Each structure stands twice: as structure tokens, then as C-alpha cells.
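The values are calculated or read from the model by the stated rules, or taken from the named source; none is laboratory data. Since we're looking at a predicted model, the values are computed, not measured. Counting neighbours? That spans all protein chains shown, and the Cβs are built from the backbone with ideal geometry, glycine included.
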Amino acid sequence: MQQFKLGFIINPIAGLGGSVALKGSDGMAQHALSLGAKPQANARAAQALDVLLPYKDKIVIYTANDLMGEQCANALGFTVEVLYQSANTVTENSDSKLAASALLAEHVDIILFAGGDGTARDIASVVAIDDNHQQVPVLGIPAGCKIHSGVYAITPKAAGRIIELMINKELVTLTSGDVMDIDEQLFRQGIVKAKRYSEMQIPSELRYVQAVKSGGKESDELVLQDIAANVIETMNDEENTQFIIGSGSTTAFLMEEMALDNTLLGVDLVRELSLVASDMTENELYTAISEYQGSNKLIITLIGGQGHVFGRGNQQLSPRIIRAILAQPGNRDNIIIIATKAKLMALQNKPLISDTGDSELDQQLSGFMTITTGYKDQVLYPLASPQ
């Protein structure tokens, strides 16, 4: 029986900067670790491989040593061959590139990699489509702070589902996915400047592959003003309540309407319409929630074009923070989602997505959520846990 040759690369430091409000990990890994960041990329990758456990006898995983793939695949009992050995204590961009080159030389069936947009750029520099052709298809497991590229599955489990289809010979069509990235230095200043770098061939299973993130501010200012007016009225009516304001241009507009400084790509804390703290880390948020004697509510929006509510660009909102908010009176009503109807319609009936990394929590959050879409205007929209 011919075995499926799965190329597998993990960027162990991907997403490190998220929980400590660095908004990226490129060149910031040591700093993030010093601030108490915990690596998550291997756990995310394990969720994808877990889907493939029934097919262990049909798969050989070709990978890099230690945390770049070997430990994860071995722990789950797969047959593993290490083709690249990194000598770095903390992996570097060159490690992903060299690992990808080793997998190409082995002629794997697909390269499955875990990381963010920086990792996608590294992989693309080796395998991207050129004037001739791409040598091998790729698929990303979302594990970074920034996931703008269209080469990622919508969740780690979705990545596993795509590989499962390939193993069962149910999926053969390939399409091109854009590799996008942003300037992290500008990103940390609240400026989003995305750029298309290249493209790679990916399996074209649209149920499981995310769209390229829609960027920029909402254009319909009148609708945003109506949304902000409704939320501010709610905030005025809520006594002894502090509000955690998530990232994004829609929530940024809300902060502007309250004349408060805003961290466009971070998380801020507001009490009595006054800014209490800005650009908070996960630990700072948890302390603020735990020590406050009143109620805590979360105001968030969704990522345009993708529908993610949790798990993209807001890693500060960890499972323990979300659970703490849900544990208070009001339960899911403590999560206030705001978005224009145009933003929801752009999802083309696809559900919102919660990808916290905690499957039990994602399941708890799933179901119809109330979305504030204007002044005294709300709609019910489904939120789904990863598949």
C-alpha cells in the first residue's frame, strides 16, 4: 500500500506575541517569552493531526526536529522521519525555509505548516508559484497573531479535514492562495499596511479554507454611528460594569465616538465611559476582571471576509478570560458583538467562528448570537465551533 507522504512544519514561536500584546512574533520571540508568553503553535498543530489519527497506518510524516514537528507527530503515534535538524534554541526564519526545502527534496504530497503570515512568507519563498509551476501544494494551520493570507484553513481541525479528504482521494483540485503580510512595526503603532507577496497552491476545499482578510475601515460611517450610539447607551445604562473593548476598526469607531484613545489592534478597558487601561496583555486583563467587584462585559467585532470572532488578532482574549466573562450573570449576553449588516452579508451565509483553542469552550459559545447592527437594530447570526 502506498503511504501518504505528509510534509509537516511547525514554527514553534508563531503567535507568541499575541497574549502579551506585541501583535506579532517576528523578531520579538525572546521579548515575548520574557513577558510570560506561552508557546501555542504545537498545540494548534496537534489539533490538526488529531483528525488524522484513524489514518496513522496510511501516513508517514516528514518533518523537522524537536518542536518544529517531530515532538508533536511522535506524541500522537505517527510514523515520523526527520529530514531537517535545527541547531537554534529559538527557531529563526531560515529554519522554516530550510525545512521546506528538505520536504521538497523528498517529494512529499503536501506541506502542512503551522504559523502565521510570516511563516507563510517563509514557506512561499521556497515553494511559491513561479513562471513554471509550484512543486508541491501547501496548507497552513492558523497559529500566528496575523492570519491575512488565503493559504490557511479556517481552524486547525479544518486543516486536518482537508488532509483527510486527500488521503481518501476525495480532493484533487488545487487553487492559488495569496500570501499576505503586514508591516509589524507599523502594526504595533495601530497602522495596518498589508501587502501581497506571492501565492501558493492550496487544496480548494472552500468549506475549510479561509478567505483573504478584508482590510480597512468600514465605509458606511452613518451605520457605524448608529451602532456606536446603541452601544454607548447600553454602557450608560450598565452600572458597576467595566467593558473590555476588542480590536478592529468597528470597535475603534466606537472608541472614537466616546472620544477615547484606542488601540486599533489591541484590547482596551473602559469604565463609566472613561479609559482605564489600554493595549492590555492577557495577564493584565485577567487580573482586572478578577479584582473588579462589578460586572465585566466584552465588546468585539468580527474579522471581515473571514468571520472569526475569537482566535484571530485577539489572543489576549484567552479561554480563561472568556470563561470568566461567561461565568457572570448574563452568560453569553456579556459578549456584545457589533458589525454592519454589510459585513455579515459578505460572509455569504457562512457562520461566525470561535477558534479559542479550547474545544469545550468553542462548543459552549456556539449557537445563535445577537449582533448589534444599528441603533435598536439587532440580528441573530450563527456562531460555530471549529470543525
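Structure notes:
- Qualifying strands (runs of 3 or more DSSP E) (wholly inside segment 77-161; at least 3 residues being at pLDDT 85 or above and closer than 23 Å to Asp358 by Cα): 110-115, 138-142
So that you can scan it fast, the table gives a plain yes or no per residue for (1) within 18 Å of Asn236 (Cα to Cα); (2) outside the structural domain of Lys157 (by TED's automatic domain parsing); (3) within 21 Å of the chain's Cα centre (by Cα):
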{"position": "Glu257", "(1), (2), (3)": "yes, yes, no"}
{"position": "Ile289", "(1), (2), (3)": "no, yes, no"}
{"position": "Thr301", "(1), (2), (3)": "no, yes, yes"}
{"position": "Gln306", "(1), (2), (3)": "no, yes, yes"}
{"position": "Lys343", "(1), (2), (3)": "no, yes, yes"}
{"position": "Ser359", "(1), (2), (3)": "no, yes, yes"}
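- Subset of segment 317-345 [of a type outside the set (S, T, N, Q), assigned to a loop (DSSP other than H, G, I, E, B) and buried (at least 17 other Cβ atoms within 10 Å of the Cβ)]: Leu317, Ala339
- Condition check for Asn168: modelled with pLDDT of 85 or more and either over 26 Å from Glu106 (Cα atoms) or crowded, with 19+ Cβ neighbours inside 10 Å (or both): no
- Residues in segment 209-223 include at least one that is surrounded by 15 or more Cβ atoms within 10 Å (Cβ to Cβ), more than 19 Å from the chain's Cα centre (by Cα) and modelled with pLDDT of 85 or more.
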